[in-house]
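Notes follow the structure.
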Amino acid sequence: MAVTERLYYNDSHLIEFEARVVDVTERVSGWTAVVLDRTAFYPTGGGQPSDTGTLNGARVVECIDDGERGVLHVVQGLAPARDAIVAGRVDWLRRLDHMQQHTGQHILSQAFVKLFNAPTKSFRVLEATCEIDVELSNPTTEVIERGVELANNVVWEDRVITIHNVSSEEAAAMPLRKEPARDGELRLIEIEGFDLTPCGGTHAYRTGEVGMIAMRSWERAKGLTRIEFVAGVRALADYRKANRTARDVAALFSTGRDDTPQHATQLVEENKELHRRVRALEEVAAGVEAERLWASAVVQPGGTRIVSHVFDFRDAEFLKKIAHALSTNPQTIALLAARDKDAARLIFARSADAPGDMNALMREACALLDGRGGGKPELAQGGGKNVARLREAIENAAQSLARLDSKQPRLDTTQGAS
Ligand SMILES: [Zn+2]
């Protein structure tokens, strides 16, 4: 039975090693799983992603913990043969990054226990950030920053981190931060005078190696507080990104980086004011436009005035204003639309004394435009994506209304002329 000796248990900084190949299996085409008698590669587990690296120069893209069978090294390219002695090399920067995040998590989790008696329920190293879910009852940014501050103090005190292998009986008498997930011999990670917890991951030699820990954001999630954080190299990368963003924004305002909130606030206020003024002007414009459209509309023999028009690049609010202004005239129906290149909006409205069911007409029109719409007999709205058929949709509605108009009772002009 192949059980891989896990070199990373004893030395998290060991990245070069020699081992013998004990098993080779084809996984999928071009990918092979190699089992070694010993390895420095950490396989995916415990919230920490797998190491990557090389075996005799061939790329190790992932390592998988296969329990009794040992650690599977998924190799891309030419895999070594069974019984071969291979030289393994772990990608150090990736290992360092994972150690910083993982050790940072031990420290941060214990900081929340010490300050708020709030245990960590789960932990994940993601692509660019990390997450812990903490049982923190009243989270605020200030509360979380207190935890982060204590954690950073522990980082900068550069405390020694020691590994202890103990029996579960011995562990039972120790003040562990969390219950061990398995029986038998346990591996405990001790951060001098601060934290003691069972863990199978890779950790820094001393807390100083973590560099620093920064909170990016937090949110309530499923009764817990989810804290997004970055440590070490990730904290620096995140700082550079945040700084670049802040400086880019500052350049838009021609101001210093730290003065942008005040400039942005001012801009938002000005924008609101402009919006109000545009709306007021649109009100006036809509009135003028409505009058022009009404005057130029054809009056049907029955006396109904059908106003139809397609606008370019106007919003629904503007259409509504014009429709409203038009439908205050007697015997008037407004069939209005606005389009841009991707979509059309429609509004059909009529005065109380005009014929026609706007709801029914709108449904027909929207069906033609591959969209949806509806409303009441006097007023209906809708839209669709098939802008090419917009004219047709409006014309169909106008023709239906013209037919209705011919059925309206007419003023008898022959009366008294017999
Ligand atoms: Zn750990």
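Listing for the model above:
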item	result
Gap separating the Cα centres of region 241-320 and region 347-391, nearest whole Å	24
Cα→Cβ-extended label distance, 7 Å offset, between Val233 and Phe313, nm	4.8
Inter-part distance where region 206-234 and region 151-172 are each reduced to a Cα centre, Å	19
Anisotropy class of region 270-418 from Cα gyration tensor, a/c 1.5 cut	oblate
Relative contact order [Cα under 8 Å, 6+ residues apart], the chain, whole percent	9
Length-normalised contact order of region 1-103 in % [C-alpha pairs under 8 Å, at least 6 apart]	32
Region 140-238, relative contact order in percent, only Cα pairs under 8 angstrom and at least six apart counted	27
Sequence ranges 52-65, 159-172, ranked by mean other-Cβ count within 10 angstrom, highest first	52-65, 159-172
Under 18 Å from the Cα of Lys178 - lysines, other chains or at least 8 residues apart	Lys114, Lys121
Phi to ³J(HN,Hα) by Karplus 6.51 cos²θ - 1.76 cosθ + 1.60 over region 369-385, Hz, x for Gly, Pro	9, 6, x, 9, x, x, x, 10, x, 8, 8, 9, 9, x, x, x, 9
For the chain, calculated [θ]222 nm from helices alone, where every DSSP H run of n ≥ 4 adds -39500 (n - 2.57)	-11500 deg cm²/dmol
Aspartates and glutamates with Cα under 20 Å of Lys407, excluding same-chain neighbours fewer than 8 positions away	Asp353, Asp357, Glu378, Glu395
Residues of type lysines that Lys320 reaches as a straight line, Cα spacing below 17 Å, ignoring anything fewer than 8 places off in the same chain	Lys376
Accessible surface of His309 - all protein chains present, 1.4 Å probe, nearest 10 Å²	60
Label-to-label distance, nm, for residues given as Trp31 and Thr44 (7 Å Cα→Cβ offset)	0.9
Gln399 versus Tyr205: modelled label distance in nm, points set 7 Å from Cα along the beta carbon direction	8.7
Gain in span if fully extended, Ser122 to Asp11, counting 0.36 nm per residue against the direct Cα distance	37.5 nm
Accessible area of the chain belonging to carbon and sulfur atoms, whole % at 1.4 Å probe	51
Model label zone, Ala246; criterion: amide N under 16 Å from point 7 Å along Cα-to-beta-carbon; scope region 261-282	261-265
Rounded to the nearest 10 Å², the accessible area of Arg226 at probe 1.4 Å	60
Gain on full stretching of the segment that runs from Glu149 to Ala285 - 0.36 nm per residue minus C-alpha separation	43.1 nm
Efficiency of FRET between Glu157 and Arg216 - r from beta-carbon atoms, R0 30 angstrom, step 0.05	0.80
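The values are calculated or read from the model by the stated rules, or taken from the named source; none is laboratory data. Predicted, not measured: the structure shown is a model, and the values here were computed from it. Every residue, glycine among them, receives a Cβ derived from its backbone with ideal geometry; neighbour counts consider all protein chains shown. Note: accessible area is taken over every heavy atom of the protein model, side chains too, but ligands, DNA and RNA are not part of it. Shrake-Rupley method; radii C 1.70, N 1.55, O 1.52, S 1.80 Å.
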